[in-house]
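Structure record follows, encoded as structure tokens.
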Amino acid sequence: MLTAPESPLCVLTIHAHPDDEASKGAPTLAKYHDLGVRTVLVCCTGGEEGDLQNSTLRDEGGPFHGLTPEQEKQHLARIRPVELAESAKVIGFDQVIMLGYRDSGMADSPPNAHPDCFHQAALDEAVGRLVSIIRRERPQVIITYGDDQRGYPHPDHLKVHDISVPAFERAGDAMWYPWAGEPWQPLKMYYSVWARTRLIAVHEAMLAKLGKSPYDDKWLNRPGQDERITTRIDVASHMRARSGALRAHATQVDPKEPWWFGLDDDELVAAYPYEDWVLAKSAVGAPDADVVEIDLFAGIKEVIALEPGQSFPGRLSSPALVETEVGEVA
Ligand SMILES: [Zn+2]
């Protein structure tokens, strides 16, 4: 098996804040790392606007004991990069790259106006930063947030999507950002998605175990996007990456919170052992409508295999990217 630094295969995932990499896709990335695929995390902000979510850290002897709200905020900003590094280690990221913007805070809050925040960043400038990373890291697969974020419309999460789509398209185009390195065309782009099937399975497992579930009617009645799912990764062997990475973000995740930890790893695997993805763009074709992909690199390994003795060129000679219009947003 190829070790990660020598592997021609690379997946790059883009997240908004430290801790998003733990709650979305950690088992999938851990699995690919163990398969010898190089794994790269781009984190767009430092999470400066996060609050302390684990009040036990304010107890006597805890790192936040006796701090004023202002001191608490400063301490959080110092700790979050350390938590991110620990989480990335648990998951097995080969590379963590900060895009360098400030956390924009929740929608319509004053930090949205901070000149250094991600929300305020000029689109072409932010896309350029991401393009330079893509050209350096040379991923075949890019993972980002979807176009439908009604469930959690955080300005930074929306912006992750908004810069990822043009970055995917411009990275291989020499006309864009000539300063940003040799063009490199990623071949597939996926959106992360929470399957409604998963939500129901976890809800029912929690009811069976605890007699209650953190998913209320607001959650249960939310329209799903399951009909858009193209790709289902079996992550039973790597579910521990999720819980381990979440625990690494000790300031952001209360270890007693049933939302995160109502089921342990084995119970979660028994309830729903998959992570689901939407193939949004592909230059190597898409699965037939009645087929569910089980590998993010489906179609890519075959392309690489066609060119023995060569490191994967990445740059497509001319063919335009095939847009896979997978499901219309309601
Ligand atoms: Zn976030």
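The values are calculated or read from the model by the stated rules, or taken from the named source; none is laboratory data. Computed from a predicted model, the values in this text were never measured in an experiment. Note that each Cβ is placed from the backbone with ideal geometry, even for glycine, and that neighbours are counted across all protein chains shown.
Worth pointing out:
- Filter result for Pro139 (closer than 23 Å to Thr39 by Cβ, out of contact with any strand residue (DSSP E or B) (no Cβ under 7 Å at 6 or more places or on another chain) and surrounded by 19 or more Cβ atoms within 10 Å (Cβ to Cβ)): no
- Among the residues of region 269-282, the ones that are touching a Gly at 6+ places or on another chain (Cβ under 9 Å) and more than 19 Å from Tyr145 (Cα to Cα) come to 0 in all.
- Cβ-Cβ under 7 Å pairs, at least 6 apart or on other chains, region 142-165 side free of Cβ contacts under 8 Å to residues at least 40 places away in the same chain, far side part of a strand (DSSP E or B) and within 12 Å of the ligand (Cβ to nearest atom): His161/Tyr145
- Qualifying residue in region 242-259 (condition: closer than 19 Å to Ser87 by Cβ, modelled with pLDDT under 95, among the hydrophobic types (A, V, I, L, M, F, W, C) and in a helix (DSSP H, G or I)): yes
- Just one of the numbered conditions (1) within 10 Å of the chain's Cα centre (by Cα); (2) away from the ligand (no atom under 16 Å from the Cβ) is not true of Ala16: (2).
- The conditions of being within 12 Å of Cys43 (Cβ to Cβ), in contact with a strand residue (DSSP E or B) (Cβ under 9 Å, 6 or more places away or on another chain), part of a helix (DSSP H, G or I) and not aromatic (Phe, Trp, Tyr) are not met by Ala126.
- Restricting region 23-39 to residues that are of a type outside the set (A, V, I, L, M) and within 16 Å of the ligand (Cβ to nearest atom), the residue that is surrounded by the fewest Cβ atoms within 10 Å (Cβ to Cβ): Ser23
- Of all the criteria given as (1) out of contact with any strand residue (DSSP E or B) (no Cβ under 6 Å at 6 or more places or on another chain); (2) at negative phi; (3) in a loop (DSSP other than H, G, I, E, B), the one not satisfied by Gly36 is (2).
- Residues satisfying the stated conditions in region 58-91, i.e. within 16 Å of the ligand (Cβ to nearest atom) and among the charged types (D, E, K, R): Arg80, Glu83
- Unmet criterion (only one of (1) of a type in the set (Gly, Ala, Ser); (2) surrounded by fewer than 21 Cβ atoms within 10 Å (Cβ to Cβ); (3) farther than 22 Å from Val165 by Cβ) for Ala248: (2)
- Neighbours by Cβ (under 9 Å, 6+ apart or cross-chain): first from region 273-298, within 18 Å of His238 (Cβ to Cβ); second in a loop (DSSP other than H, G, I, E, B) and among the small types (Gly, Ala, Ser): Tyr274/Ala195; Glu275/Gly25; Glu275/Ala195; Asp276/Ala195; Trp277/Gly25; Glu293/Ala286; Glu293/Gly299
- Residue count for region 261-309 under the criterion of being part of a helix (DSSP H, G or I) and either surrounded by fewer than 19 Cβ atoms within 10 Å (Cβ to Cβ) or small (Gly, Ala, Ser) (or both): the result is 11.
- Candidates are the residues of region 211-228 that are closer than 21 Å to Ala270 by Cα and touching a Leu at 6+ places or on another chain (Cβ under 9 Å); the one that is surrounded by the fewest Cβ atoms within 10 Å (Cβ to Cβ) is Leu220.
- Subset of region 174-191 [in contact with a Gly (Cβ under 7 Å, 6 or more places away or on another chain) and either crowded, with 24+ Cβ neighbours inside 10 Å or on the phi < 0 side of the Ramachandran plot (or both)]: Ala180, Pro183, Trp184, Gln185, Tyr191
- Qualifying residues in region 144-179 (those that are in a helix (DSSP H, G or I) and among the hydrophobic types (A, V, I, L, M, F, W, C)) - the one nearest to the ligand (Cβ to nearest atom): Val160
- Residue-level check: of (1) among the basic types (Lys, Arg); (2) within 16 Å of the ligand (Cβ to nearest atom); (3) more than 13 Å from Cys44 (Cβ to Cβ), Arg102 misses just (3).
- Scanning region 76-115 for residues that are under 28 Å from Thr28 (Cα atoms), among the basic types (Lys, Arg) and out of contact with any Asp or Glu (no Cβ under 9 Å at 6 or more places or on another chain) yields a count of 1.
- Residues of region 40-57 satisfying the condition of being away from the ligand (no atom under 15 Å from the Cβ) and either within 30 Å of Arg136 (Cα to Cα) or free of Cβ contacts under 8 Å to residues at least 12 places away in the same chain (or both): Val40
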